[in-house]
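As structure tokens, the structure follows; a few thoughts come after it.
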2 protein chains.
Amino acid sequence: MKAHIITIGDEILIGQIINSNAAWIGEKLSEININVGSTSVVGDDVKQIIQEFQRTYDSNDIVIVTGGLGPTHDDVTRKCVVDFFKTDLIIDENVLDDIKKFFEVRNRKLTKTNEDQALIPEIATPIRNSRGTAPGFWIEKENKVFVVMPGVPYEMKGMMESFVLPKLQEKNQNKKIIVRKNLLTTGIPESVLYDKLGNIEELMEGNKLAFLPNQFGVRMRLNIEGNSIEEANNKLDEIEQKIRSLVGRYIYGKDNDQLEEVIAKLMIDRGFKLAVAESCTGGLISSRITNVSGSSQFFERGVITYSNAAKVELLHVKEDTIQKYGAVSLEVCRQMAEGVKAISGIDIGLAVTGILGPTGATPTKPVGLVYIGLCDEKICTAKEFHFGDNRLLNKDRASQAALEMLRRHLLGIDYDD
Amino acid sequence: MKAHIITIGDEILIGQIINSNAAWIGEKLSEININVGSTSVVGDDVKQIIQEFQRTYDSNDIVIVTGGLGPTHDDVTRKCVVDFFKTDLIIDENVLDDIKKFFEVRNRKLTKTNEDQALIPEIATPIRNSRGTAPGFWIEKENKVFVVMPGVPYEMKGMMESFVLPKLQEKNQNKKIIVRKNLLTTGIPESVLYDKLGNIEELMEGNKLAFLPNQFGVRMRLNIEGNSIEEANNKLDEIEQKIRSLVGRYIYGKDNDQLEEVIAKLMIDRGFKLAVAESCTGGLISSRITNVSGSSQFFERGVITYSNAAKVELLHVKEDTIQKYGAVSLEVCRQMAEGVKAISGIDIGLAVTGILGPTGATPTKPVGLVYIGLCDEKICTAKEFHFGDNRLLNKDRASQAALEMLRRHLLGIDYDD
């Protein structure tokens, strides 16, 4: 079954609101194996909305519409439904009761405008709204399903979960099952990852593999088809195994995992404690680590030594090392990692120093140059990185590289890049 | 001129990524008075993409496409452009140079896959990409404009700002003028702000005012119409003046201003230096401050004293104060602010301690309890705040409240809530 999602509202077209409704609905439909082939956004305009109804109704099995069901003058969706299906509005007594109760409970006075929200297109089954006043509409005609819901995310989600998703699942006697998994990599460019995987067609056995890069790394999304959940999951396991045998060292997690959560688990499992010394990342690494609930079990302290004085006073970096090599250097970075470990009396010290831009470059040290250092009981090492020229993206990249360096260290994987 | 935006990518249809590109482009086009009538999303499927090109090209003056331009097999947009416009691919030497330089600077090896990205549809003007390797395409035909850009937001935005928006603005001679401005407030609830403004209709003289709250505060968006830029701007100035006379103390900036940028300007203007001691915010305040280029002019250092030992050793917080009042208390917070100021030898110390959840609450100290302290040469104060129960939102709220406390301190405005 093929579905299309229409979102109605000028505020989305001009970017005042991001279309999170379509994303949420798309995710939920995918979960029950309904294929969302396309989505669209149109403004609060009767003619345009009816045209969009026609176009998408013709070429899909399911059309899901949100928005424009409120009580004010710019909410025209109900009128469009009536025109499009050539039907009439009739009062639905159950919905009217719902609305009356909604106002009673809140001690608010019911107006004529509110009462009118109980007017439902005759062709539709009302979808009752436990979280607001506007009902939704479920229309079945010519073996197609046409669903209309309010644009308020909380109300729409309530209707989807209690009514729309169960009904669609019932109708969707599915043959083909699709399972999805994301494998998250970092510290390897997209093109290198691609090359290391060799012949993708052969590897995936006709299934889909997508590469989705951002400043935190490259996400590989696998879509695997099967005749049953078991078959699809077995195929997924088999293909994932092959991928991991080729590029497993770069994979730090799956789906919505965050690298800091992976680190937290590894650190707590091993009973290690961490201290962090940051210069250019300015606290971002510590902030990411402390995003994880329970991080106090392994994160002891952090210092942000933005000035040279702070590096010397807090971390005992040698003044003549700064003089000789500069604050952004392999040597200073190593001393920072060593220093933060020593003052905290814990297992691992992690340190970052660099030039993130847009200013601060020197003839020998360009914007994007970053050093990351790591010291534990046995080793004390630092590595050079080259990132781009955007300060904020560089902060993300540097924090990600530092956490990845720690991950590979904990797992005994070389950071070769 | 009527525009349509097409976003390409399965990941958007299934809700893994929210379509922020369309929102951003829609906002930018609105700003130069180009009307975005509709937007759509289609999957990584050649046939479907070409159909969507045809449909939207027929009924719009401008079509803007993002996504599917990467170097891997699932990036099919370029092929679709070639098929749709019945053109050929040719190597663009300038683009090839850009790509070679991109890899040179990053010390990475160029592959054949990367080199192929310099192949441009013959009909197109390449849009050069200073932030990545895939070029965009600008196509003008039959008085229509067709633009294709990569889906990576940072790369797309670079192309829009440096090339696409200026070119479109040139082509668009407009009549009715709308000017927009956002006034950013924090430390005041939406309903209180609303009440303080009194009669909104009268205040706005028929123009639009929207309230957009999030964890950082409430944004007021003004849309002001006029027959000319001058007329609209004069009206805007007049209305803004009235709003500021009512709630100016809560307004920290406008449009895309960040509170940390406002702080940076104030601190640098006054020649003050800052040190920050964080417990629950875990480095977020320092990270936000150091997001601002030039922050090293006033930010001396930060410490993240997650453990009690770190509070005592680094900040000289008294052990018996922690024993008596607990680490999350007004007293410890004040000592943290005092301590970080003293060890850094600078003008202002800012400190935060709290319980951000989901764990860590005690019978007397609930999740969401946060103390923020500030010390300078004259005063040493701390304040109690109560936030919600979501850890990450609480981090944002606490960091915003701390920065706002500093802003009001610098401007001599009472923090009365």
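Observations
- The local environment of A:D376, defined by Cβ-Cβ distances under 12 Å, has a net charge of +1 under the rule Lys, Arg +1 and Asp, Glu -1.
- Shielding of A:25-32 by partner chains, average beta-carbon count, 10 Å: 3
- Pairs beyond 25 Å (Cα-Cα), from A:K181/B:K86; B:K141/B:K171; B:K171/B:K208; B:K100/B:K144; A:K208/A:K242; A:K2/B:K141: A:K181/B:K86; B:K171/B:K208; B:K100/B:K144; A:K2/B:K141
- Distance between the pseudo-spin-label points of B:N308 and A:K2 (7 Å out from Cα toward the beta carbon): 6.6 nm.
- Shielding by partners - mean other protein chain Cβ count within 10 Å, residues of B:65-75: 4
- Shielding of peptide B:96-109 by partners, expressed as the average count of other chain Cβ atoms within 10 Å per residue Cβ, is 2.
- Local electrostatic count, B:E300, Cβ distance below 12 Å [Lys/Arg +1, Asp/Glu -1]: +2
- Square roots of five times the Cα gyration tensor eigenvalues for the protein assembly as shown, Å: 45, 35, 28
- Summarising the label geometry, the points placed 7 Å from Cα in the beta-carbon direction at A:N199 and A:H316 lie 5.9 nm from one another.
- Using the average count of surrounding beta-carbon atoms within 10 Å as a protection proxy, the listed peptides A:58-71, A:339-352 rank, highest first, as A:339-352, A:58-71.
- Judged by a Cβ-Cβ distance under 4.7 Å, the unpaired cysteines of chain B are B:C80, B:C280, B:C333.
- Protection-proxy order for peptides B:216-222, B:312-318, each taking the mean of Cβ atoms within 10 Å per residue, highest first: B:216-222, B:312-318
- Shown for B:K318: label points 7 Å from Cα along the beta-carbon vector, and their distances to the equivalent points in the other copies, 4.1 nm in ascending order.
- Cα gyration tensor category, rounded, prolate or oblate, for region B:1-126 with a/c compared to 1.5: prolate
- Between region B:56-109 and region A:328-345, the Cα center-to-center distance that results, in Å: 44 Å
- Here the spin labels are modelled as points 7 Å beyond Cα on the Cα-Cβ line, and at B:E230 and B:E122 they lie 5.1 nm apart.
- Within the protein assembly as shown, percent of DSSP bridges classed antiparallel, to nearest 5: 65 percent
- Whether region B:122-224 is rounded, prolate or oblate, judged on the alpha carbon gyration tensor where a/c under 1.5 counts as rounded: oblate
- The same position A:T359 in the other copies lies at 4.4 nm from this copy, comparing label points 7 Å beyond Cα toward the beta-carbon, shortest first.
- Reachable lysines, given that their alpha-carbon falls under 23 Å from the alpha-carbon of A:K101 and they are not under 8 places away in the same chain: A:K109, A:K112, A:K157
- On Cα atoms only, tilt of A:20-31 relative to the major axis of chain A in degrees: 90 degrees
- Of all aspartates and glutamates in the structure, the ones whose alpha carbon falls short of 19 Å from that of A:K235, not counting any fewer than 8 places away in one chain, are A:E31, A:E201, A:E202, A:E205, A:E225, A:D255.
- Measure of compaction for region A:9-48 (Cα Rg per 2.2 N^0.38 Å): 1.35
- Convex hull of alpha carbon positions in chain A: directionally averaged projected area 26.5 nm².
- In nanometres and ascending order, the distances from the B:E142 label point to those of the other copies are 2.8 (point 7 Å from Cα along Cα→Cβ).
- Highest-first arrangement of A:107-114, B:331-338, where packing means the average Cβ count within 10 Å: B:331-338, A:107-114
Every number in this text was worked out from the coordinates using simple rules, so none of it is lab data. Please read all numbers here as calculations on a predicted model, not as lab measurements. Ideal geometry is used to build each Cβ from the backbone, glycine not excepted, and the neighbour counts take in all protein chains shown.
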